[in-house]
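The values are calculated or read from the model by the stated rules, or taken from the named source; none is laboratory data. The model shown is predicted, which means the values in this text are computed figures rather than measured ones. Cβ coordinates were reconstructed from backbone atoms using ideal geometry, including for glycine residues, and neighbour counts include every protein chain displayed.
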Amino acid sequence: MNAEKKDSENISVVPVITIDGPSGSGKGVITERLAKITGFHILDSGALYRLVGYAARLDHIELDQEQALASLAAVLDVTFSPNPEPDQPLRISLRQQDVTWEIRTDQAGVDASIVARLASVRRALGELQISFRKPPGLIADGRDMGTVVFPAADLKIFLTASASARAERRYKQLKDKDIDVSLAALLKSIQERDARDTGRAIAPLKPAADAIVIDSTMLSIDAVVEQVTTLLKKGTGAWAFQQK
Ligand code: DC
């Protein structure tokens, strides 16, 4: 079954906004802000790939064992729940254990990007991702949300920023947590991840033909949120939304 068909068979009246882009472009925080404004649900698809990588480490499965990884992905026992703390990411549990922070390490991001190259892993996560589409709407954050998983999404944003701006943001986040890192090493890691995510054969990172590209290199989070909110207000029909 192709992605176009899967999407159209779903509850197509439930609006979907897709936010794709490279790591560190601010998709996560923008998605959280937009979810608050709209009251829509969130699909953090990157977290699913991170969970597969993390579960593989727990189960001593090598990251190139495609069939074993796909089996793991097919029965991923995962729960997403709202975080009671303001401006904090969703709480994520794997096999009833809270792994919210464990899956956010740079290593977990690299592992995710490695397992995400595998076709059977992507297929195994496909239905799970589509199941997040529930009323009143969904904001789906990832690499292939607008191109593969929700090709008929109502609004597609491709959020990008220069690799050096993204590395500097990450550097600042880690410094604020007193974690000692080198900016050069972060930049190298971001460039390698970009190359893997954009260069892979299946569902590579790229803007959908009908996506609106926002370059956040010189923009604040507030400015990006404002741009997307303006686009949202132009929505019509089933997905016209009222600002809360
Ligand atoms: O958004 P993130 O940094 O949490 O994503 C981690 C990795 O998962 C990313 O480097 C590539 C992969 N990914 C993907 O291939 N497709 C998605 N829709 C989301 C993430």
Exclusive hit being among the basic types (Lys, Arg), out of contact with any His (no Cβ under 7 Å at 6 or more places or on another chain), within 11 Å of the ligand (Cβ to nearest atom) and in contact (Cβ under 8 Å) with a residue 40 or more places away in the chain, set Arg123, Arg117:
Arg117
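Hey, any hits in region 170-181 for a residue that's in contact (Cβ under 8 Å) with a residue 60 or more places away in the chain and over 29 Å from Pro15 (Cβ atoms)? Spell out the reasoning first.
Residues of region 170-181 in contact (Cβ under 8 Å) with a residue 60 or more places away in the chain: 170.
Adding the requirement that they be over 29 Å from Pro15 (Cβ atoms) leaves 170.
So far as region 170-181 goes, yes, one or more of its residues are in contact (Cβ under 8 Å) with a residue 60 or more places away in the chain and over 29 Å from Pro15 (Cβ atoms).
Looking at region 212-227 only, could you name the residues that are in contact with a Leu (Cβ under 9 Å, 6 or more places away or on another chain) and either over 28 Å from Thr38 (Cβ atoms) or part of a loop (DSSP other than H, G, I, E, B) (or both)? Reasoning before the result, please.
Here is the first cut: in region 212-227, the residues in contact with a Leu (Cβ under 9 Å, 6 or more places away or on another chain) are 212-216, 224-225, 227.
If the condition is that a residue be in contact with a Leu (Cβ under 9 Å, 6 or more places away or on another chain) and either over 28 Å from Thr38 (Cβ atoms) or part of a loop (DSSP other than H, G, I, E, B) (or both), then Ser216 is the only one that fits.
If you check Arg133 against the conditions, is it over 13 Å from the mean Cα position of the chain (by Cα), among the charged types (D, E, K, R), over 22 Å from Leu69 (Cβ atoms) and more than 13 Å from the ligand (Cβ to nearest atom)?
Values: over 13 Å from the mean Cα position of the chain (by Cα): yes; among the charged types (D, E, K, R): yes; over 22 Å from Leu69 (Cβ atoms): yes; more than 13 Å from the ligand (Cβ to nearest atom): yes.
Yes, satisfied.
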If you scan region 161-189, which residues turn out to be at pLDDT 95 or above and within 13 Å of the ligand (Cβ to nearest atom)?
Arg166
